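Input: a single structure, listed below in structure tokens.
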Amino acid sequence: MTAALVFLFGLCLGSFLNVCIHRLPKGESVVRPRSHCPRCGQPIAAYDNIPLLSYLVLGGLCRHCRAPISVLYPVVELLTGLALLLAYRRFGFSPGALKVALLAAALIVLFFTDLRDRLLPDRITLPGMAAGILFALWLPVGDGMAGLLWSLLGRRPAPPILLSLGDALLGALLGGGLLLGLRQAWLLVRRIEAMGLGDVKMMVMVGLFLGLKLTLLTLVLGSLVGTVVGGLFIALARKGSQYELPLGTFMALAALVALFWGRALLGAYLNLFP
């Protein structure tokens, strides 16, 4: 019963994330005005705004003008519901579940804003950075590369809160620093912006939440997905056609995988080399 309530709450949160996805790239408020049909402008009644259910009942069409409703709406709601359910299954009602749920929600928004509008809003990434630091201080973990580096310096065992913050900062440095370095190198060599600063900010946020090891996994997975998608586009696209690959979308997807299954993937990989 509790899991069902968590899933329903996730669907409702997903409805709000849809508002963020559609309004943040335009610089609009996510609070006012109330939700309305983008074609006819009619406000959406509460009974037509029930997550997932209303889309199915209306057949994916506006009640007033019969304009098609993007399938993105139920997809985001369902993904958010599943993400919160996974967080609850793994951590129960705990600060750890809150941390996972917040990062998952931010990544879902960033995935779709970059896919649709090639934009990673600062109104998500900058508060996300602050939240990542706060969680590192609130939920200290004693493992990670920060502990190894501390021991190599010949120091006494550091407090878990210091190791946790160090691991978060190392993750941010790796994620944001690597992308920033690649961006600047591409600008210097090709005089072209290979990526925007939004990608850098997003990976700083991801690094602060996930720490060094899972951020490295995110970069590897995101690069692999981007390479495969880019290769398919080159192979299938018409000659001369151009398409800007959404790096942020690939990295957001990779970060979601690392968030929920990263440690299992790393463990399975390490078991290949006993």
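Structure data summary
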{"quantity": "Tilt relative to the chain, helix 95-117 - C-alpha long axis, 0 to 90 degrees, to 10", "calculated": "60 degrees"}
{"quantity": "Ordering of 246-258, 86-98, 167-179, 38-50 by packing [mean C-beta count within 10 Å, highest first]", "calculated": "246-258, 167-179, 86-98, 38-50"}
{"quantity": "Gained length - Arg39 relative to Leu134, 0.36 nm times residue gap less alpha-carbon distance", "calculated": "30.1 nm"}
{"quantity": "Positive-end extreme of charge dipole, the chain - chosen from Pro38, Gly211, Val6 (charges on Cβ)", "calculated": "Pro38"}
{"quantity": "Charge context of Pro68, other residues only, Cβ under 15 angstrom, K/R +1, D/E -1", "calculated": "+2"}
{"quantity": "Kirkwood-based shape ratio for the range 1-93, expressed as Rg/Rh from alpha carbons", "calculated": "1.01"}
{"quantity": "Exposure proxy ranking, count of Cβ atoms within 10 Å, fewest first, for Glu193, Glu77, Glu28, Glu244", "calculated": "Glu244, Glu193, Glu28, Glu77"}
{"quantity": "Amide proton proximity set for Ile69, modelled H, under 5 Å, gap of 5+", "calculated": "Leu61, Cys62"}
{"quantity": "Span per principal axis, largest first, for the Cα atoms of the chain (Å)", "calculated": "70, 55, 37"}
{"quantity": "Semi-axis lengths, Å, the range 75-122, gyration tensor of Cα atoms, sqrt of 5 times eigenvalues", "calculated": "23, 12, 5"}
{"quantity": "Distant-in-sequence amide H partners of His36 (H built 1.01 Å from N, under 5 Å)", "calculated": "Ile44"}
{"quantity": "All aspartates and glutamates inside 14 Å of Lys201 as judged from Cα atoms, apart from same-chain residues fewer than 8 positions distant", "calculated": "Asp114, Asp122"}
{"quantity": "Full-stretch length increase - Tyr47, Leu265 - with 0.36 nm per residue and alpha-carbon distance subtracted", "calculated": "74.2 nm"}
{"quantity": "Relative exposure of Thr125, Thr227, judged by other C-beta atoms within 10 Å (fewest first)", "calculated": "Thr227, Thr125"}
{"quantity": "Estimated distance in nm for a label pair at Gln184 and Leu272, the labels positioned 7 Å out from Cα along Cα-to-Cβ", "calculated": "3.3 nm"}
{"quantity": "Proximal charge balance of Thr249 [Cβ under 13 Å; K/R count +1, D/E count -1]", "calculated": "-2"}
{"quantity": "Net charge contributed by nearby residues that have their C-beta within less than 13 Å of Gly262 (K/R +1, D/E -1)", "calculated": "+3"}
{"quantity": "Tilt relative to the chain, helix 160-190 - C-alpha long axis, 0 to 90 degrees, to 10", "calculated": "70 degrees"}
{"quantity": "Estimated [θ] at 222 nm from DSSP helical runs (n ≥ 4, -39500 (n - 2.57)) normalised by residues in the chain, nearest 500", "calculated": "-24000 deg cm²/dmol"}
{"quantity": "Euclidean distance of C-alpha centroids, the range 116-134 and the range 176-211, integer Å", "calculated": "14 Å"}
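The numbers here are math on the coordinates, done by the rules we state, and not lab data. None of the values given here were measured: they were computed from a predicted structure. In this analysis, Cβ positions are derived from the backbone assuming ideal geometry, glycine residues included, and neighbour counts consider all displayed protein chains.
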